[in-house]
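In what follows, a single structure is set out as structure tokens and then discussed.
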Amino acid sequence: MPLTLHAPLDMHLHLRDGEMLKNIAQASAHTFSGALIMPNLVPPLSSKDEIVAYKQRIMSAIGNEKFTPYMTLFFKPSYDKAFLASVKEEITAIKLYPAGITTNSEGGVSGFDVEELRPALEAMSELNIPLCVHGETNGFVMDREAEFVGIYEKLATAFPKLKIIMEHITTKESVAALDKFENLYATITVHHLLITLDDVAGGMLKPHLFCKPIAKRPEDREALLKVALNAHPKVMFGSDSAPHPKHAKESCGCAAGVFTAPIALQVLAELFQNKNATLENLQAFVSRNAQHIYGISPLTKQVTLEKKSFNVPDEYNGVVPMYAGEEIAYSLKEVRHG
Ligand SMILES: [Zn+2]
């Protein structure tokens, strides 16, 4: 039985720039109505002009596809209300990176002193601009996210009107924080619903599954599955699809990131079916919850998937996707607009 998803949204996506942008943008633009585009380019996007110009490069890279890039600005504590008001119409959210924690996050925030962050975060609250956070400390790699939960709680308490989105959560601690604070929300990737650290490093090392935050323990994956499959209203799908050229992954210093954009919806359909979750919940997870949380009305797009095995290509324009060379159970049947 084919299934149809309406206006799928990917609320955490890396489209990169230059040749890479041209090579991979279409993979997301074909099947998603829109995506929240991460600002960690070199240099990171921190002005209105940079946002407008990058959005234009995205629009030209996607060609004839109907797709909305929801833009984000790279958070800096120095932003004031006048600046934020002037850029507000061009952005959907602002992304905060702790300094040096992931790809191109140099120049991010290093201390999380509430008073230091107060002017910018209060202005964002007043202007109703959500804050997306890459929540990891620089502690031991398996503990970084759980250690960051205390910072989420501090921010959620100090700025109760600020919508804070815990990006790509991977732990049961982050899941628990969702229900403790009204203003905390989360995105979850498809790979963190499927893999644990065992899949990355339990046998032969799998560089194409290496990402930040690193995949965690089975009990963490269970906690993520529970809220995703039940379409907890505060969680949204965000792929964190993060392409790197094949040579940067198959290298003695492997770059972090899993490329899932071309297969994300097919794999989610298979997962929800295997776990006996309803199509309605999948619809909420991949679109409706995000519409409510961000207050956005995406372009109409109907994406029909069918249960027919699909051989995932070894590469998409030089980028190796998750499940490369393997068979997945669902294929893309049709994409309709309007
Ligand atoms: Zn990311």
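The values are calculated or read from the model by the stated rules, or taken from the named source; none is laboratory data. Worth saying up front: this structure is predicted, and the values here are computed from it rather than measured. Counting neighbours? That spans all protein chains shown, and the Cβs are built from the backbone with ideal geometry, glycine included.
Tabulated data for the structure shown
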read-out: In the stretch 27-59, the residues that are over 17 Å from the mean Cα position of the chain (by Cα) and hydroxyl-bearing (S, T, Y); value: S46, S47, Y54
read-out: Boolean, L13 is surrounded by 15 or more Cβ atoms within 10 Å (Cβ to Cβ) and under 30 Å from E116 (Cα atoms); value: yes
read-out: Selected residue [at pLDDT 95 or above, surrounded by 17 or more Cβ atoms within 10 Å (Cβ to Cβ), within 16 Å of the ligand (Cβ to nearest atom) and of a type outside the set (D, E)] from F67, F74, F83; value: F74
read-out: Exclusive hit being of a type in the set (D, E) and outside any helix (DSSP H, G or I), set E136, E126; value: E136
read-out: Options H247, H337: the member that is surrounded by fewer than 17 Cβ atoms within 10 Å (Cβ to Cβ) and modelled with pLDDT under 95; value: H337
read-out: Test: residue in the stretch 7-16 that is basic (K, R) and closer than 17 Å to T92 by Cα; value: no
read-out: Residue, farthest from E90 (Cα to Cα), within the stretch 28-52, restricted to residues that are out of contact with any helix residue (DSSP H, G or I) (no Cβ under 9 Å at 6 or more places or on another chain) and within 16 Å of the ligand (Cβ to nearest atom); value: V42
read-out: Residues of the stretch 153-184 satisfying the condition of being within 20 Å of the chain's Cα centre (by Cα), over 20 Å from A123 (Cβ atoms) and not aliphatic (A, V, I, L, M); value: E167, H168, T170, T171, K172, E173, S174
read-out: Residue satisfying condition, being surrounded by 23 or more Cβ atoms within 10 Å (Cβ to Cβ), of a type in the set (G, A, S), in contact (Cβ under 8 Å) with a residue 24 or more places away in the chain and within 16 Å of the ligand (Cβ to nearest atom), within set A256, A269, A264; value: A264
read-out: Condition check for K180: at pLDDT 95 or above, closer than 28 Å to V52 by Cβ and of a type in the set (K, R); value: no
read-out: Members of the stretch 210-250 that are small (G, A, S) and in contact (Cβ under 8 Å) with a residue 24 or more places away in the chain; value: A215, A223, A228, A231, G238, S239, S241, A242
read-out: Selected residue (only one of V319, V312, V303 is of a type in the set (V, I, T), farther than 17 Å from L193 by Cα and within 16 Å of the ligand (Cβ to nearest atom)); value: V319
